[in-house]
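Visitor: Structure in structure tokens, see below.
The values are calculated or read from the model by the stated rules, or taken from the named source; none is laboratory data. Predicted, not measured: the structure shown is a model, and the values here were computed from it. Note that each Cβ is placed from the backbone with ideal geometry, even for glycine, and that neighbours are counted across all protein chains shown.
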Amino acid sequence: MKKITKIYDTLEAYALVLALAFSTLLIFVQVIFRYVFNNSITWSEELARYIFIWMIWLGTSVSMKTKEHIRMDMLMNKVHGKGKLILELISSIILLVFCIFLVKYGYDLVMSMMARGNKSVALRLPMWIVYSSLPFSQLIVALRLIGSIVADVRKLFSSQPAGEEENT
């Protein structure tokens, strides 16, 4: 399982870097066309927006992996030992429930977009492709959370004192 996770992590990192580089280049070319040639590429802004949406949602997975997502930690900083681990578990479970909610209703939204046949204005891209970024990314986040919850439960019930990291 760790090998699959590592492969996915690598693919995700490369996809995000390539998406950022491509969208930056695309916007740069659009600016050159607009101000130098006095002509604009009609579809470039739309494509850059859709790439950005996918990057944002995939970024939630990266932030979950590295535990660098935005969160309120005032209470977490006041608790130590196993209490901190319990709070972390509660927080992760609440976030997991929210991710499952987003996957379910995001999937429903994608199916609705497919049924309607909505297409983007400039690219004529099926809109379900753009909207599928939500359930896909939140499914990945949910899987990461499940792994984190399992690891935290193991730490909670281990004989090792809280706060010490296992060497794995």
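Visitor: Among the listed residues Arg34, Arg49, which satisfies the condition of being closer than 30 Å to Arg144 by Cα and basic (Lys, Arg)?
Guide: Sole residue among the options that is closer than 30 Å to Arg144 by Cα and basic (Lys, Arg): Arg49.
Visitor: It is to be established whether one or more residues within segment 73-91 are without any contact (Cβ under 8 Å) to a residue 40 or more places away in the chain, part of a loop (DSSP other than H, G, I, E, B) and closer than 20 Å to Asp9 by Cβ.
Guide: no
Visitor: Based on this model, can you work out whether Arg49 counts as within 19 Å of Val121 (Cβ to Cβ), at pLDDT 95 or above and either surrounded by 11 or more Cβ atoms within 10 Å (Cβ to Cβ) or not hydroxyl-bearing (Ser, Thr, Tyr) (or both)?
Guide: The answer is yes for Arg49.
Visitor: Any residue in segment 36-54 that is within 11 Å of Thr24 (Cα to Cα) sitting within a Cβ distance under 6 Å of a residue that is small (Gly, Ala, Ser) and assigned to a helix (DSSP H, G or I)? List the pairs, counting only those 6 or more apart or interchain.
Guide: Taking only residues 6 or more apart or on different chains, the pairs are Ala48/Ser23; Ile51/Ala19; Ile51/Ser23.
Visitor: Would segment 128-142 turn up any residue that is surrounded by fewer than 17 Cβ atoms within 10 Å (Cβ to Cβ) and not in a helix (DSSP H, G or I)?
Guide: Within segment 128-142 (the criterion being surrounded by fewer than 17 Cβ atoms within 10 Å (Cβ to Cβ) and not in a helix (DSSP H, G or I)), the answer is no, since none of the residues qualifies.
Visitor: What do you reckon, is Val110 surrounded by 12 or more Cβ atoms within 10 Å (Cβ to Cβ), under 29 Å from Val17 (Cα atoms) and out of contact with any Lys or Arg (no Cβ under 9 Å at 6 or more places or on another chain)?
Guide: Values: surrounded by 12 or more Cβ atoms within 10 Å (Cβ to Cβ): yes; under 29 Å from Val17 (Cα atoms): yes; out of contact with any Lys or Arg (no Cβ under 9 Å at 6 or more places or on another chain): yes.
Yes; evaluated as a whole, the condition is true for this residue.
Visitor: Related question: In segment 95-112, what residues are within 20 Å of Val150 (Cβ to Cβ) and more than 17 Å from the chain's Cα centre (by Cα)?
Guide: none
Visitor: Can you tell me which residues in segment 92-127 are in a helix (DSSP H, G or I) and basic (Lys, Arg)? Even if it seems obvious, please write down each step before you answer.
Guide: From segment 92-127, those in a helix (DSSP H, G or I) are 92-116, 127; that's our starting set.
The answer is Lys104, Arg116.
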